[in-house]
1. State whether region 1-115 is rounded, prolate or oblate according to the following rule on the C-alpha gyration tensor (a ≥ b ≥ c being the square roots of its eigenvalues): a/c under 1.5 gives rounded; otherwise a/b larger than b/c gives prolate, and the remaining case gives oblate.
2. Sticking with the crude label model, points 7 Å out along Cα→Cβ, report the distance from A107 to K180 in nm, one decimal please.
3. Suppose accessible area is computed on protein heavy atoms with a 1.4 Å probe; arrange T213, T90, T68 from highest to lowest.
4. So with the 1.4 Å probe, I'd like the accessible area per residue for the chain, rounded to whole Å².
5. Report, in whole Å, the centroid distance computed from the Cα atoms of region 72-113 and region 164-224.
6. Could you list which residues have their amide H under 5 Å from that of F24, counting only those 5 or more apart in sequence or on another chain, with H placed in the peptide plane?
7. Using a Förster distance of 30 Å, how high is the FRET efficiency between E215 and R10, based on the Cβ-Cβ distance and rounded to 0.05?
8. Rg and Dmax of region 163-224, Cα atoms, in Å?
Amino acid sequence: IQLLGEAANRYLQTILEDDMILGFSWGQAMSVVAEKLSGTDAQNLMCIPLIGGPSGRLIGAYHVNTITFEASKNLNGKAVLIDSPAFPETEHLKEALMASEFNQELARLWQKLSVAVFGIGSPQMKESDRWRFFYDEDVLSGLGDQVAGDVLSRFYDQYGQHIASALDERLIGISIDDLKAVKYRIAVAESLEKAAAIKAALLGGYMNVLVTTQETAEAILMNE
């Protein structure tokens, strides 16, 4: 996974320009990406979270705020962090949180993103500590058998079609439409367990750049 972080940095160095806004998600892969980022000649870069924080006890290094701050530091930029959970307990609470001036500004920044960097979730990883420490049982129990994967906690089927659910109404994070409007949508993910989820995300158009391993890429192609 260290090599994925280095590869993501090499690609980012080819596209960074002055005044870009970069968004990041949470997780182990994102933590490595942020760690491997290096200085750039691009000026006035801003790094922001693409989603709220965890419901559970996610390891601090994998928290979206930690990743966003680390990325901004390594890129000599600035960071905007988020103090809201990804899944407030109720839709009413989400509306109250999003009404704050700070979160309204963050929502506006999501619409101005130049680069989005995120991982890909797979239902095959549902039992992992990272999943259980980010999502609470209420969220996990709502996942149906048709789910092939998720991008920024937006779930989709094997064809990449978004699966609408009550979770969408509670989620504090970038919308699918805003994500798909971003010029550079970079997914960083690997493992044979995630191959089907990655393929479905490609079909859905969630990313236009994929940083992965040769083994995972071959598994995706074999799944044609």
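The values are calculated or read from the model by the stated rules, or taken from the named source; none is laboratory data. Given the structure is predicted, the values throughout are model-derived calculations rather than measurements. Glycine gets a Cβ as well: all are built from the backbone with ideal geometry, and neighbour counts include every protein chain shown. Accessible surface is based on the protein model in full, side chains and every heavy atom, while ligands, DNA and RNA are left aside. Shrake-Rupley method; radii C 1.70, N 1.55, O 1.52, S 1.80 Å.
1. oblate
2. Label at A107, label at K180, 2.0 nm between them.
3. The most accessible residue leads, giving T90, T213, T68.
4. Working: 10440 Å² over 224 residues.
With the other protein chains kept in place, the chain gives 47 Å² per residue.
5. 22 Å
6. I48, L50, V117
7. On the way: r = 19 Å, r/R0 = 0.65.
So, using R0 = 30 Å, E works out to roughly 0.95.
8. Final numbers for Rg and Dmax: 13.2, 37 Å.
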